[in-house]
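Input: a single structure, listed below in structure tokens.
The values are calculated or read from the model by the stated rules, or taken from the named source; none is laboratory data. Nothing here was measured: the structure is a model prediction, and the numbers come from that model. Reconstructed Cβ throughout: ideal geometry from the backbone, glycine too, with neighbour counts over all protein chains shown.
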Amino acid sequence: MNSSCLESPRGPNQAAVSTAIALLVCILIGGLKVSAANATAPVVTDGGWHAEVAVHLDRPGRAVSPELYGVFYEDINYAADGGLYAELVQNRSFEYYPLTDPRNPQAAEMKPLFSWQTIERGGMKVKADAAILEPLNPRNPTYAVLTLTGGSGEGGLANRGYENGIPVRAGATYDVSLYARRPRGAAAPLRVTLETPDGAVLAEAELRAPGEAWSRQDTVLTVARSDPKARLVVTTKSAGVVMLDMISLFPRATFKGRKNGLRQDLAQAIADLKPKTFRFPGGCIVHGRGLGNAYRWKDSVGDVAQRRPNFNRWGYHQSYGLGYFEYFQFCEDIGAAALPILPCGVSCGFEKPFQVAQGPELDAWIQDAIDLVEFANGPAESPWGRVRAAMGHPAPFGLKYVGLGNEEHDTTSFREVFPRFVEALRRHHPHIQIVGTSGLGPNVPLFDLMQQTGVEIGDEHYYQPPEWFITNRNRFDAAPRTGPKIFVGEYASRGNTQFNAVAEAVYLTGIERNSDQVVMTAYAPLLARYGFVQWPRANLIWFDQDQLVKTPNFHVQQLFSMNQGDRSVENAVTIGGRPGQSGGEKPVLAVSTMLVSKDGTLIMKIANPGAEPVQTRIAITGAVAAGKTAELLLLAAPKDATNDREQPERVRPVASTIAAGRIFDYTVPAMSVQVIRVGTGLAGARSSAE
Ligand code: AHR
């Protein structure tokens, strides 16, 4: 697409003349209709690089996918429990057990009483154990048993959350719930407090004395003053045995005020990306560390006390409190299409021994896929629709996509089982669009299987250096327009510097040019909690208990997602200048142009991954009335710049207004990404390509 008509190297004093001649040639052969005054105006050059960007509104390009920008969410780096899920108690149901995983230093220490400590006051002694003999229910087997001895005082348990303390805020309200029973000893009320590390009470409430059978109790605490390191404390004053389970503390202020809801700031940051799709729950956790560890969605719905927790592929435990219902609800809340990824009865190719479900066991995995659609979309009277309705959402969620598999290896087994899932889904739910894994890496080893099975979309993933994303920016220009569409369902350039972000922007300009074929994208991973990280190189949003940091990569995602048209517009980029001086490699200037048909806004995205600015002349042909000014959103920073907790806004987009017109000059800063929005007077225009 790039024209070569202005590319001849020249020295500075030749620049103006040759530029004018070359521009004239372009006008003649390219149909560039500009005013004579503008056509002869030289591109300003000071011996650096310069560029001409010809934007051909008179040659409307392909349709832009309305779902091009989405997010990929996986419970990695404590993204769910300790992250997006607003629960403040760690290990609330005492289901932790030691794990072996070098990526998580705490894995081996995880025992049923992890994150809990005993409280002994005024002469009361407490022995705390974990037991499974008389559980709340078989899916939630472990509970705490406190044996209290002593004539006076009080004893109990305290939870420290995730970081040696739970952050609580003055004036905020917290919902507390727990299950308790007292098989032996005199009945005495339970007391629930939020306390500072030295025991000062921030809020307190009394609960009734537990009976002999398990029963749930609820209360509300309102905190008088803030403390970053509070503890939730449950005590009783009488000796004997008390059993406790599912001890929970939720801020009342969750995202959209949902019960069992999401942490407001993190959920809002995701919502602010304006994602059109939400892929969940992973990633590698979908098939986990073998079939027994795979994410089975049925374990994650219904009453939270009835959910079956599971350990995590990344070396920690998942409560499944944030489960499929909550994911669907979040999608609805942020206006994103849900894209659940189901395991296909084969284990991850990296896990040894490799496992494949067979016979009736495999049928159960296939049935899970069929039932999931009923859970999401079925009538409230259907078996799984009833579960959804009982959880508070009688109306269908309107699920339209089901993802099958995550980065499966190219094995005979996968090639055998995958078509069975496709066939069953087609038979039971023909309206569902299937997103199938194309396998791991840019060579998409399973894409041919996606073609053969006729799924709507193939899901490809790659984590590569930034240079790869720049070199491969034209990857989709020659992609066949037949067969499955493409979802770039996980990608990242292995870093959170400005250079990484710009390289990803370069790649996205190529995707936008081809978004009739590449219909969805998602950066990965999304979330990482400082100090709890298994995927250290690059994540979109970093956070701790009270702060979040948006990376330069986040800003690129948001700039691209929030500046979308519906029709791509052809452009031609021509680089000139420099060699007569000190030479050097020709810079890359990646440009995407699209039109918002309804109001005629031309949206240009320009990424410059180079170390030098590029003086650029932008010439728009086909505008009815080009705006005299344009809105500019600029993300520019040194190559290694990144954001952190000390300076979370070191790299961020800055908005301004620049002079525009049918032809205008703009210097693209080094190492930058920009969005330029300019009116064209083409409101309501329909493409001639239609
Ligand atoms: O995003 C982190 C991991 O990378 C995902 O779990 C997996 O799908 C990919 O390999």
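For this structure, a couple of remarks:
- On inspection, D299 passes the criterion of being more than 16 Å from the ligand (Cβ to nearest atom) and out of contact with any helix residue (DSSP H, G or I) (no Cβ under 9 Å at 6 or more places or on another chain).
- Residue match in segment 402-415 (condition: without any contact (Cβ under 8 Å) to a residue 24 or more places away in the chain, over 15 Å from I341 (Cβ atoms), among the β-branched types (V, I, T) and within 16 Å of the ligand (Cβ to nearest atom)): no
- Residue match in segment 600-616 (condition: closer than 30 Å to D75 by Cβ, in a strand (DSSP E or B) and touching a strand residue (DSSP E or B) at 6+ places or on another chain (Cβ under 9 Å)): no
- The set of residues in segment 49-64 that are surrounded by fewer than 22 Cβ atoms within 10 Å (Cβ to Cβ) and within 26 Å of the chain's Cα centre (by Cα) contains only A63.
- Restricting segment 236-256 to residues that are hydroxyl-bearing (S, T, Y) and at pLDDT 95 or above, the residue that is surrounded by the most Cβ atoms within 10 Å (Cβ to Cβ): T236
- Selected residue [in contact with a helix residue (DSSP H, G or I) (Cβ under 8 Å, 6 or more places away or on another chain) and among the hydrophobic types (A, V, I, L, M, F, W, C)] from V591, V596: V591
- Unique match (being without any contact (Cβ under 8 Å) to a residue 24 or more places away in the chain, in a loop (DSSP other than H, G, I, E, B) and either among the small types (G, A, S) or at positive phi (or both)) among A538, A478: A478
- Whichever residue in segment 257-274 is touching a residue at least 24 places away in the same chain (Cβ under 8 Å) and of a type in the set (S, T, N, Q) and, among such residues, is surrounded by the fewest Cβ atoms within 10 Å (Cβ to Cβ): Q264
- One residue alone among Y179, Y174 is assigned to a strand (DSSP E or B), over 31 Å from the mean Cα position of the chain (by Cα), at pLDDT 95 or above and aromatic (F, W, Y), and that residue is Y179.
- Where a residue in segment 77-92 is under 12 Å from R160 (Cβ atoms) and its partner, wherever it lies, is hydroxyl-bearing (S, T, Y) and modelled with pLDDT under 95, with Cβ under 6 Å and at least six apart: none
- Yes/no for R121 being basic (K, R), in contact with a strand residue (DSSP E or B) (Cβ under 6 Å, 6 or more places away or on another chain) and buried (at least 20 other Cβ atoms within 10 Å of the Cβ): no
- Test: A503 is more than 15 Å from the ligand (Cβ to nearest atom), small (G, A, S) and surrounded by 21 or more Cβ atoms within 10 Å (Cβ to Cβ): yes
- Looking only at segment 83-118, and only at residues there that are small (G, A, S) and surrounded by fewer than 22 Cβ atoms within 10 Å (Cβ to Cβ), the one that is nearest to the chain's Cα centre (by Cα): A107
- Residue within segment 238-252 that is over 24 Å from Q90 (Cβ atoms), small (G, A, S) and within 16 Å of the ligand (Cβ to nearest atom) present: no
- Against the test of being among the hydrophobic types (A, V, I, L, M, F, W, C), in a helix (DSSP H, G or I), closer than 21 Å to F330 by Cβ and more than 16 Å from the ligand (Cβ to nearest atom), the options F418, F375 yield a single qualifying residue, F375.
Per-residue answers, yes or no, for (1) buried (at least 20 other Cβ atoms within 10 Å of the Cβ); (2) under 25 Å from I341 (Cβ atoms); (3) within 16 Å of the ligand (Cβ to nearest atom); (4) among the hydrophobic types (A, V, I, L, M, F, W, C):
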site	(1), (2), (3), (4)
D459	yes, yes, yes, no
T471	no, no, no, no
F476	no, yes, no, yes
A479	no, yes, no, yes
F487	yes, yes, yes, yes
Y491	yes, yes, yes, no
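Rundown of residues vs (1) surrounded by fewer than 22 Cβ atoms within 10 Å (Cβ to Cβ); (2) at pLDDT 95 or above; (3) within 16 Å of the ligand (Cβ to nearest atom); (4) closer than 23 Å to P60 by Cα, yes/no style:
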{"position": "V518", "(1), (2), (3), (4)": "no, yes, no, yes"}
{"position": "P525", "(1), (2), (3), (4)": "no, yes, yes, no"}
{"position": "Y530", "(1), (2), (3), (4)": "yes, yes, no, no"}
{"position": "P536", "(1), (2), (3), (4)": "yes, yes, yes, no"}
{"position": "L540", "(1), (2), (3), (4)": "no, yes, yes, no"}
{"position": "D546", "(1), (2), (3), (4)": "yes, no, no, no"}
{"position": "F554", "(1), (2), (3), (4)": "no, yes, yes, no"}
{"position": "F560", "(1), (2), (3), (4)": "no, yes, no, yes"}
{"position": "P579", "(1), (2), (3), (4)": "yes, no, no, no"}
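- Residues of segment 330-341 satisfying the condition of being out of contact with any Leu (no Cβ under 6 Å at 6 or more places or on another chain), within 18 Å of L404 (Cβ to Cβ) and surrounded by 22 or more Cβ atoms within 10 Å (Cβ to Cβ): L339, P340, I341
- Among the conditions (1) in a loop (DSSP other than H, G, I, E, B); (2) more than 15 Å from the ligand (Cβ to nearest atom), Q268 misses just one, which is (1).
- Taking each residue of segment 306-331 that is closer than 16 Å to N137 by Cα and looking for partners that are assigned to a helix (DSSP H, G or I) and within 16 Å of the ligand (Cβ to nearest atom) with beta-carbon atoms closer than 8 Å, six or more apart or interchain, yields N310/N293.
- Just one residue in the set L113, L88, L99, L157 is assigned to a strand (DSSP E or B) and over 30 Å from Y401 (Cβ atoms); that residue is L157.
- Those residues of segment 471-516 which are of a type outside the set (D, E, K, R) and in contact with a His (Cβ under 9 Å, 6 or more places away or on another chain), in sequence order: V488, G489, Y491, A501
- Residue in segment 375-394 that is touching a Ser or Thr at 6+ places or on another chain (Cβ under 8 Å) and crowded, with 18+ Cβ neighbours inside 10 Å present: no
- Top-ranked residue of segment 342-370 - restricted to ones that are within 27 Å of G392 (Cα to Cα) and of a type in the set (G, A, S), ranked as surrounded by the fewest Cβ atoms within 10 Å (Cβ to Cβ): A364
- Residue that is nearest to the ligand (Cβ to nearest atom), among those in segment 71-85 that are assigned to a loop (DSSP other than H, G, I, E, B) and aromatic (F, W, Y): Y73
- Some residue of segment 357-364 being part of a loop (DSSP other than H, G, I, E, B), within 15 Å of the ligand (Cβ to nearest atom) and without any contact (Cβ under 8 Å) to a residue 60 or more places away in the chain: no
- Hits in segment 298-323 - residues which are buried (at least 22 other Cβ atoms within 10 Å of the Cβ) and in contact with a Pro (Cβ under 7 Å, 6 or more places away or on another chain): Q318, S319, Y320
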